[in-house]
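The values are calculated or read from the model by the stated rules, or taken from the named source; none is laboratory data. This is a predicted model, so every value here is computed, not measured. Note that each Cβ is placed from the backbone with ideal geometry, even for glycine, and that neighbours are counted across all protein chains shown. The area values use the complete protein model at the heavy-atom level, side chains included, leaving out ligands, DNA and RNA. Shrake-Rupley method; radii C 1.70, N 1.55, O 1.52, S 1.80 Å.
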Amino acid sequence: MLANRRKEFLKAVTELYEEKKEPVHYSDVAEKMKISKWTAYDVLKELEKGEYVKAEYYLEEGKSQGRSTVRFVPTEKAYQLFERVENNEWKILRDNLIDRVKNGKSASLEELLHEMFHASKPLEFCAYAIAAFLLKLRMMTGISLESIESNILACVNPTSSLILFVGTVLGASLYNRIKSDVDKVLSENVKKFYTYLNELDQKDIHLLNNFLKDLLAVAV
């Protein structure tokens, strides 16, 4: 199993490779990690031994012989590692938010909004936003969660389900007149939610849609 520091190096290589669409030189990794290029080279060679990166050698442009330069490409093993990490992080976040919505009160809503503000990833922000909107919806009087659940589940397109849900809660808040700071924060972050939603791939959209269905199941 890779140590956290090695994972940081591997993540740097992967991000640079995805950004440049070409094998990565160790000096670029060094610059990104803010370390010496020799340290970066040594760590990358260790990652190569573990089959997380593959070294490729190139002659300088215009030369047919001489000393070659080495560049690195992340392997399938590297991508599988990050996929496992991301899946585990998502499960922890999902389970935590479901539990908090199930047992939450107004104080929990304020905590969710605070954590949402500090969320660094689009998927994470959207998950916090959905949980916060649902908690707000459950606090409103005269709102039928069963009716909302049936309408949401009727949507074939998962993106439409998420948009419809947030729009429904926002509309209900406006109808009841926004009074608290919490309501204002929710309404002000709707645009950010939709922006992040457009940045997510279909896999993450399906994760969020299933997450919403699970939240509705425990909230009804």
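Does any residue of the range 132-147 turn out to be open to solvent by 60 Å² or more (accessible area, probe 1.4 Å) and either within 26 Å of Lys191 (Cβ to Cβ) or modelled with pLDDT of 80 or more (or both)? The answer is yes, given that some residue of the range 132-147 is open to solvent by 60 Å² or more (accessible area, probe 1.4 Å) and either within 26 Å of Lys191 (Cβ to Cβ) or modelled with pLDDT of 80 or more (or both).
Can you name the residue in the range 165-213 that is small (Gly, Ala, Ser) and open to solvent by less than 30 Å² (accessible area, probe 1.4 Å) and is also modelled with the highest pLDDT among such residues? Let's see the steps before the verdict.
To start, the set of residues in the range 165-213 that are small (Gly, Ala, Ser) comprises 167, 171-173, 180, 187.
Going one step further and asking which of them are open to solvent by less than 30 Å² (accessible area, probe 1.4 Å), we end up with 172-173.
On the way: Ala172: 68, Ser173: 65.
Filtering the range 165-213 for residues that are small (Gly, Ala, Ser) and open to solvent by less than 30 Å² (accessible area, probe 1.4 Å), the one modelled with the highest pLDDT comes out as Ala172.
For the range 1-58: of the residues being aliphatic (A, V, I, L, M) and outside any helix (DSSP H, G or I), which is most open to solvent (accessible area, probe 1.4 Å)? Before you say what the answer is, go through the steps one by one.
Initial filter on the range 1-58 (aliphatic (A, V, I, L, M)): 1-3, 10, 12-13, 16, 24, 29-30, 33, 35, 40, 43-44, 47, 53, 55.
If we keep only those that are outside any helix (DSSP H, G or I) as well, we get 1-3, 24, 35, 53, 55.
Working: Met1: 215, Leu2: 30, Ala3: 59, Val24: 3, Ile35: 46, Val53: 4, Ala55: 17 Å².
Within the range 1-58, the match that is most open to solvent (accessible area, probe 1.4 Å) is Met1.
If the condition is being touching a helix residue (DSSP H, G or I) at 6+ places or on another chain (Cβ under 7 Å), assigned to a helix (DSSP H, G or I) and at pLDDT below 80, then the range 60-117 contributes Ser106, Ser108. Looking across the range 1-46, the residues that are among the aliphatic types (A, V, I, L, M), modelled with pLDDT of 90 or more and under 19 Å from Glu86 (Cβ atoms) come down to Leu10, Ala12, Val13, Leu16.
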